[in-house]
Amino acid sequence: MGLQLPVSERVVTREDVEAYAKASGDLNPLHREDGVARAAGFPGIVAHGMLTMGTLASAILEWLGDPRALTRLKVQFRSPVFLGETIECGGSVRSLDPETRTAVLDVWVRLERDGETQWPIRRSEAEIWIV
């Protein structure tokens with residue numbers, strides 16, 4: 001298939017992570033306190049994996065234009081995201097099923113860290129309904 005979704009990007013901020021922590025009830029200090037995150041071996045606060053996944057879902061929904069069209073999202077979390085990093089979300093159409101009017105997308109989240117590409121979400125897929 002190969003149709004590429006437009007790449008969407010977002011800088012992860014302390015405000016994003018704090019708002020997600022409060023909304024989700026996940027108040028783990030790893031996501032809220034730099035000292036705790038550093039003691040665990042990270043350079044600072046770690047963004048929630050579900051925040052990263054939610055950013056990917058938002059990018060897919062923006063592309064689709066209809067929130068009802070995203071019927072399934074299955075992800076593999078592969079690496080952490082830290083404050084101030086720019087995450088990019090994208091994907092491509094893997095398959096189309098005209099009978100069920102659905103498509104399967106290969107989706108991902110990537111970022112650049114220390115000159116290397118990291119994949120916080122990779123080998124993941126979304127199923128969409130084609131309106």
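A few points about this structure:
- Of all residue pairs spaced 6 or more apart or on separate chains, those with beta-carbon atoms under 6 Å, a first member in region 97-119 that is under 19 Å from Leu83 (Cβ atoms) and a second member that is part of a strand (DSSP E or B) and hydroxyl-bearing (Ser, Thr, Tyr) are Arg110/Thr117.
- Residue in region 29-45 that is surrounded by 12 or more Cβ atoms within 10 Å (Cβ to Cβ), of a type in the set (A, V, I, L, M) and touching a residue at least 24 places away in the same chain (Cβ under 8 Å) present: yes
- Strands (runs of 3 or more DSSP E) (entirely within region 29-131) containing at least 2 residues that are among the acidic types (Asp, Glu) and within 16 Å of the chain's Cα centre (by Cα): 102-113, 116-129
Values in this text are rule-based calculations from the coordinates and carry no lab data. Since this is a predicted model, take the numbers as computed values, not measurements. All Cβ positions, glycine included, derive from the backbone under ideal geometry; neighbour counts span all protein chains shown.
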